[in-house]
Amino acid sequence: MIEVVVYSKPGCCLCDEVKAQLETLQASHAFNLREVNILEDPEAYQKFKEEIPVVFINGKKAFKYYLNEEQFLKRLESIRGPAAHLRK
């Protein structure tokens with residue numbers, strides 16, 4: 001299963017928007033979603049304090065500040081192959 005990690009913090013409007021997009025996409029495209037609050041992770045805070053939200057797909061940085069849904073889905077497709085989200 002593809003792992004998507006979003007680095008964010010409370011009170012970040014851009015973070016809330018990206019998390020909402022990912023949750024919506026997760027309903028129709030299979031991937032594990034994990035959120036990391038940078039205020040609770042000192043290493044993540046040092047790395048991303050000026051860049052949140054940051055989205056990683058399978059350990060690779062994919063987006064920062066915003067999420068382009070079309071590009072996100074293309075990245076998922078390139079990892080698992082076309083129309084894999086339709087397979088059961």
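Any read-out appearing in this document is the output of simple, stated calculations on the displayed coordinates, not a laboratory observation. All of these numbers come straight from a predicted model, not from anything done at the bench. Here Cβ is always computed from backbone atoms with ideal geometry, including for glycine, and neighbour counts include all displayed protein chains.
Miscellaneous remarks
- For the chain, share of DSSP beta bridges that run antiparallel, in % to the nearest 5: 55 percent
- Each residue, Leu33 and Lys60, gets one label point 7 Å from its Cα in the Cβ direction; the gap between the two is 2.2 nm.
- Straight-line cross-link partners of Lys60 among the lysines, defined as a Cα under 17 Å from its Cα and at least 8 positions apart when in the same chain: Lys47, Lys74.
- Acute angle (nearest 10 degrees) that the helix 69-80 long axis makes with the longest principal axis of the chain, alpha-carbon atoms: 60 degrees
- Gain upon complete extension [Glu69, Tyr45; 0.36 nm per residue less C-alpha separation]: 6.1 nm
- The chain: angle of helix 13-26 to the longest principal axis, Cα-based, in degrees nearest 10: 20 degrees
- Exposure proxy order (Cβ contacts within 10 Å, fewest to most) of Arg75, Arg34, Arg80: Arg34, Arg80, Arg75
- Cα radius of gyration and Dmax for the chain (Å): 13.0, 40
- Mean residue ellipticity (222 nm) of the chain, computed from DSSP H runs ≥ 4 via -39,500 (n - 2.57), nearest 500: -11500 deg cm²/dmol
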